(Lines give C-alpha, C1' and ligand atoms only; values in the text may rest on other atoms or scores of the structure.)
Protein backbone atom coordinates (compact mmCIF):
# COMPACT_ATOMS: atom_id res chain seq x y z
CA UNK A 1 0.00 0.00 0.00
CA UNK A 2 1.51 3.32 -1.06
CA UNK A 3 2.14 6.14 1.45
CA UNK A 4 -0.36 8.38 -0.37
CA UNK A 5 -3.14 5.81 -0.01
CA UNK A 6 -2.34 5.26 3.67
CA UNK A 7 -2.33 9.00 4.35
CA UNK A 8 -5.64 9.42 2.54
CA UNK A 9 -7.13 6.51 4.48
CA UNK A 10 -6.01 8.00 7.80
CA UNK A 11 -7.59 11.32 6.90
CA UNK A 12 -10.77 9.52 5.85
CA UNK A 13 -10.91 7.70 9.18
CA UNK A 14 -10.48 10.97 11.07
CA UNK A 15 -13.20 12.64 8.99
CA UNK A 16 -15.42 9.61 9.61
CA UNK A 17 -14.97 9.93 13.36
CA UNK A 18 -15.72 13.66 13.36
CA UNK A 19 -18.69 13.48 10.98
CA UNK A 20 -20.25 10.41 12.60
CA UNK A 21 -20.19 11.64 16.17
CA UNK A 22 -21.22 15.14 15.09
CA UNK A 23 -24.20 13.67 13.22
CA UNK A 24 -25.15 11.56 16.23
CA UNK A 25 -25.01 14.63 18.47
CA UNK A 26 -27.06 16.67 15.99
CA UNK A 27 -29.77 14.00 15.72
CA UNK A 28 -29.93 13.73 19.49
CA UNK A 29 -30.24 17.49 19.95
CA UNK A 30 -32.93 17.79 17.29
CA UNK A 31 -34.86 14.89 18.80
CA UNK A 32 -34.67 16.36 22.31
CA UNK A 33 -35.70 19.83 21.20
CA UNK A 34 -38.42 18.53 18.89
CA UNK A 35 -39.75 16.04 21.39
CA UNK A 36 -39.97 13.28 18.76
CA UNK A 37 -37.44 10.49 19.15
CA UNK A 38 -38.80 7.40 17.47
CA UNK A 39 -37.41 4.16 16.16
CA UNK A 40 -35.97 5.70 13.00
CA UNK A 41 -34.11 8.41 14.91
CA UNK A 42 -32.73 5.77 17.24
CA UNK A 43 -31.46 3.71 14.31
CA UNK A 44 -29.82 6.79 12.79
CA UNK A 45 -28.03 7.58 16.04
CA UNK A 46 -26.86 3.97 16.39
CA UNK A 47 -25.62 4.02 12.79
CA UNK A 48 -23.58 7.17 13.22
CA UNK A 49 -22.11 5.95 16.51
CA UNK A 50 -21.26 2.62 14.90
CA UNK A 51 -19.50 4.29 11.96
CA UNK A 52 -17.56 6.53 14.34
CA UNK A 53 -16.53 3.62 16.58
CA UNK A 54 -15.24 1.51 13.73
CA UNK A 55 -13.51 4.55 12.22
CA UNK A 56 -11.53 4.75 15.47
CA UNK A 57 -10.47 1.10 15.18
CA UNK A 58 -9.57 1.65 11.51
CA UNK A 59 -7.38 4.59 12.49
CA UNK A 60 -5.56 2.34 14.98
CA UNK A 61 -4.97 -0.25 12.26
CA UNK A 62 -3.69 2.38 9.85
CA UNK A 63 -1.10 3.46 12.42
CA UNK A 64 1.06 0.48 11.39
CA UNK A 65 -0.10 0.11 7.78
CA UNK A 66 3.16 1.58 6.48
CA UNK A 67 5.38 -0.58 8.70
CA UNK A 68 6.61 -4.15 8.66
CA UNK A 69 3.41 -5.24 10.49
CA UNK A 70 1.17 -4.22 7.60
CA UNK A 71 -0.34 -7.74 7.49
CA UNK A 72 -1.69 -7.23 11.00
CA UNK A 73 -3.09 -3.88 9.93
CA UNK A 74 -4.83 -5.54 6.97
CA UNK A 75 -6.38 -8.18 9.23
CA UNK A 76 -7.63 -5.45 11.56
CA UNK A 77 -9.12 -3.43 8.72
CA UNK A 78 -10.97 -6.51 7.45
CA UNK A 79 -12.32 -7.20 10.94
CA UNK A 80 -13.44 -3.58 11.31
CA UNK A 81 -15.14 -3.62 7.91
CA UNK A 82 -16.92 -6.89 8.73
CA UNK A 83 -18.03 -5.57 12.12
CA UNK A 84 -19.37 -2.40 10.52
CA UNK A 85 -21.37 -4.35 7.94
CA UNK A 86 -22.78 -6.78 10.51
CA UNK A 87 -23.64 -3.90 12.80
CA UNK A 88 -25.46 -1.98 10.08
CA UNK A 89 -27.48 -5.08 9.22
CA UNK A 90 -28.41 -5.52 12.88
CA UNK A 91 -29.49 -1.90 13.25
CA UNK A 92 -31.66 -1.70 10.14
CA UNK A 93 -33.16 -5.21 9.94
CA UNK A 94 -36.41 -6.29 11.58
CA UNK A 95 -35.34 -7.18 15.11
CA UNK A 96 -38.18 -9.68 15.46
CA UNK A 97 -37.32 -11.55 12.25
CA UNK A 98 -35.54 -14.94 12.42
CA UNK A 99 -31.75 -14.92 12.30
CA UNK A 100 -31.20 -12.00 14.66
CA UNK A 101 -29.01 -14.12 16.97
CA UNK A 102 -26.79 -15.17 14.06
CA UNK A 103 -26.17 -11.59 13.02
CA UNK A 104 -25.54 -10.58 16.63
CA UNK A 105 -23.04 -13.42 17.01
CA UNK A 106 -21.21 -12.37 13.84
CA UNK A 107 -21.16 -8.72 14.92
CA UNK A 108 -19.83 -9.54 18.39
CA UNK A 109 -17.09 -11.76 16.99
CA UNK A 110 -15.97 -9.20 14.40
CA UNK A 111 -16.16 -6.40 16.96
CA UNK A 112 -13.95 -8.26 19.45
CA UNK A 113 -11.44 -9.02 16.70
CA UNK A 114 -11.42 -5.41 15.48
CA UNK A 115 -10.91 -3.95 18.96
CA UNK A 116 -8.29 -6.54 19.93
CA UNK A 117 -6.24 -6.04 16.76
CA UNK A 118 -6.55 -2.24 17.12
CA UNK A 119 -5.23 -2.58 20.67
CA UNK A 120 -2.35 -4.73 19.44
CA UNK A 121 -1.54 -2.38 16.56
CA UNK A 122 -1.14 0.59 18.88
CA UNK A 123 1.32 -1.39 20.99
CA UNK A 124 3.14 -2.60 17.86
CA UNK A 125 4.26 0.99 17.35
CA UNK A 126 6.88 0.04 19.97
CA UNK A 127 8.05 -3.03 18.05
CA UNK A 128 11.22 -1.29 16.90
CA UNK A 129 12.50 -0.64 20.42
CA UNK A 130 15.70 -2.53 21.31
CA UNK A 131 15.48 -2.68 25.10
CA UNK A 132 14.95 -6.29 26.12
CA UNK A 133 12.49 -5.46 28.90
CA UNK A 134 10.31 -3.54 26.44
CA UNK A 135 10.43 -6.25 23.80
CA UNK A 136 9.60 -9.01 26.29
CA UNK A 137 6.84 -6.94 27.89
CA UNK A 138 5.40 -6.14 24.48
CA UNK A 139 5.40 -9.81 23.44
CA UNK A 140 3.71 -10.91 26.66
CA UNK A 141 1.08 -8.18 26.35
CA UNK A 142 0.31 -9.15 22.76
CA UNK A 143 -0.11 -12.77 23.85
CA UNK A 144 -2.48 -11.63 26.61
CA UNK A 145 -4.52 -9.62 24.10
CA UNK A 146 -4.83 -12.68 21.84
CA UNK A 147 -5.81 -14.98 24.73
CA UNK A 148 -8.48 -12.58 26.00
CA UNK A 149 -9.92 -12.23 22.48
CA UNK A 150 -10.08 -16.01 21.99
CA UNK A 151 -11.62 -16.57 25.42
CA UNK A 152 -14.33 -14.00 24.65
CA UNK A 153 -15.06 -15.30 21.16
CA UNK A 154 -15.27 -19.01 21.96
CA UNK A 155 -18.41 -18.77 24.15
CA UNK A 156 -20.07 -16.65 21.45
CA UNK A 157 -19.33 -19.07 18.62
CA UNK A 158 -20.23 -22.18 20.61
CA UNK A 159 -23.42 -20.81 22.21
CA UNK A 160 -21.91 -21.33 25.63
CA UNK A 161 -20.71 -24.91 25.09
CA UNK A 162 -17.34 -23.39 25.89
CA UNK A 163 -16.68 -22.93 28.79
CA UNK A 164 -19.45 -25.39 29.60
CA UNK A 165 -20.28 -26.36 33.20
CA UNK A 166 -16.98 -25.12 34.62
CA UNK A 167 -17.69 -21.53 33.60
CA UNK A 168 -16.54 -19.96 36.85
CA UNK A 169 -12.95 -21.18 36.48
CA UNK A 170 -12.95 -20.16 32.81
CA UNK A 171 -13.97 -16.59 33.52
CA UNK A 172 -11.58 -16.36 36.46
CA UNK A 173 -8.72 -17.26 34.14
CA UNK A 174 -10.02 -14.80 31.55
CA UNK A 175 -10.11 -12.10 34.23
CA UNK A 176 -6.52 -12.81 35.29
CA UNK A 177 -5.29 -12.65 31.69
CA UNK A 178 -7.31 -9.48 31.18
CA UNK A 179 -5.62 -7.87 34.17
CA UNK A 180 -2.20 -8.82 32.79
CA UNK A 181 -3.29 -7.37 29.45
CA UNK A 182 -4.24 -4.07 31.08
CA UNK A 183 -1.03 -4.05 33.12
CA UNK A 184 1.14 -4.54 30.04
CA UNK A 185 -0.83 -1.90 28.13
CA UNK A 186 0.05 0.66 30.79
CA UNK A 187 3.54 -0.45 31.82
CA UNK A 188 5.15 -1.14 28.44
CA UNK A 189 4.51 2.33 26.92
CA UNK A 190 5.63 3.98 30.18
CA UNK A 191 8.85 1.98 30.16
CA UNK A 192 9.34 2.93 26.52
CA UNK A 193 9.21 6.61 27.52
CA UNK A 194 11.86 6.32 30.22
CA UNK A 195 14.06 3.58 28.77
CA UNK A 196 15.34 5.03 25.55
CA UNK A 197 17.44 2.93 23.21
CA UNK A 198 21.12 3.58 23.90
CA UNK A 199 23.23 5.65 21.57
CA UNK A 200 25.55 2.69 21.03
CA UNK A 201 22.69 0.47 19.90
CA UNK A 202 21.37 3.16 17.61
CA UNK A 203 24.74 3.76 15.99
CA UNK A 204 25.88 0.14 15.71
CA UNK A 205 26.10 -1.06 12.13
CA UNK A 206 25.14 2.30 10.67
CA UNK A 207 24.86 2.98 6.98
CA UNK A 208 24.39 6.16 4.98
CA UNK A 209 21.24 5.83 2.91
CA UNK A 210 20.54 9.33 1.60
CA UNK A 211 22.50 12.45 0.90
CA UNK A 212 21.80 15.86 -0.52
CA UNK A 213 22.25 19.59 -0.16
CA UNK A 214 20.89 21.91 2.49
CA UNK A 215 19.42 25.29 1.59
CA UNK A 216 22.78 26.87 2.36
CA UNK A 217 24.57 24.54 -0.04
CA UNK A 218 26.23 22.39 2.63
CA UNK A 219 26.19 18.64 2.12
CA UNK A 220 23.54 16.79 4.18
CA UNK A 221 23.61 13.06 4.82
CA UNK A 222 21.44 10.83 6.96
CA UNK A 223 23.01 7.81 8.64
CA UNK A 224 20.81 5.07 10.10
CA UNK A 225 21.32 1.54 11.47
CA UNK A 226 21.90 -1.02 8.73
CA UNK A 227 18.75 -2.92 9.68
CA UNK A 228 16.69 0.25 9.26
CA UNK A 229 18.39 0.98 5.94
CA UNK A 230 17.32 -2.45 4.69
CA UNK A 231 13.74 -1.81 5.81
CA UNK A 232 13.73 1.58 4.08
CA UNK A 233 14.92 0.00 0.86
CA UNK A 234 12.28 -2.74 1.07
CA UNK A 235 9.53 -0.21 1.65
CA UNK A 236 10.74 1.96 -1.21
CA UNK A 237 10.82 -1.09 -3.48
CA UNK A 238 7.28 -2.03 -2.44
CA UNK A 239 6.10 1.51 -3.23
CA UNK A 240 8.04 1.62 -6.49
CA UNK A 241 9.88 4.85 -5.62
CA UNK A 242 13.55 5.74 -4.95
CA UNK A 243 14.62 5.28 -1.34
CA UNK A 244 15.23 9.02 -1.01
CA UNK A 245 11.61 9.74 -1.96
CA UNK A 246 10.35 7.14 0.50
CA UNK A 247 12.38 8.67 3.33
CA UNK A 248 11.20 12.19 2.54
CA UNK A 249 7.56 11.04 2.53
CA UNK A 250 8.03 9.30 5.88
CA UNK A 251 9.60 12.42 7.39
CA UNK A 252 6.78 14.62 6.07
CA UNK A 253 4.16 12.32 7.59
CA UNK A 254 5.91 12.33 10.96
CA UNK A 255 6.06 16.14 11.02
CA UNK A 256 2.36 16.69 10.32
note = When residue 189 is run through (1) under 22 Å from residue 114 (Cβ atoms); (2) out of contact with any helix residue (DSSP H, G or I) (no Cβ under 6 Å at 6 or more places or on another chain); (3) at pLDDT 95 or above, the failure sits at (3)
note = For region 147-174 the number of residues that are out of contact with any helix residue (DSSP H, G or I) (no Cβ under 7 Å at 6 or more places or on another chain) and under 18 Å from residue 115 (Cβ atoms) is 3
ask   = Condition test on residue 68, is it surrounded by fewer than 18 Cβ atoms within 10 Å (Cβ to Cβ), more than 18 Å from the chain's Cα centre (by Cα) and at pLDDT below 90?
value = no
Which numbered condition residue 102 fails, given (1) assigned to a helix (DSSP H, G or I); (2) buried (at least 21 other Cβ atoms within 10 Å of the Cβ) = (2)
task = For residues that are surrounded by 11 or more Cβ atoms within 10 Å (Cβ to Cβ) and under 16 Å from residue 102 (Cα atoms), tally how many sit in region 150-159.
result = 6
ask   = In the set 42, 35, which member is at pLDDT below 85 and at positive phi?
value = 35
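The values are calculated or read from the model by the stated rules, or taken from the named source; none is laboratory data. Quantities reported herein were computed from a predicted structural model and do not represent experimental measurements. As a convention, Cβ positions derive from the backbone with ideal geometry for all residues, glycine included, and neighbour counts pool all protein chains shown.
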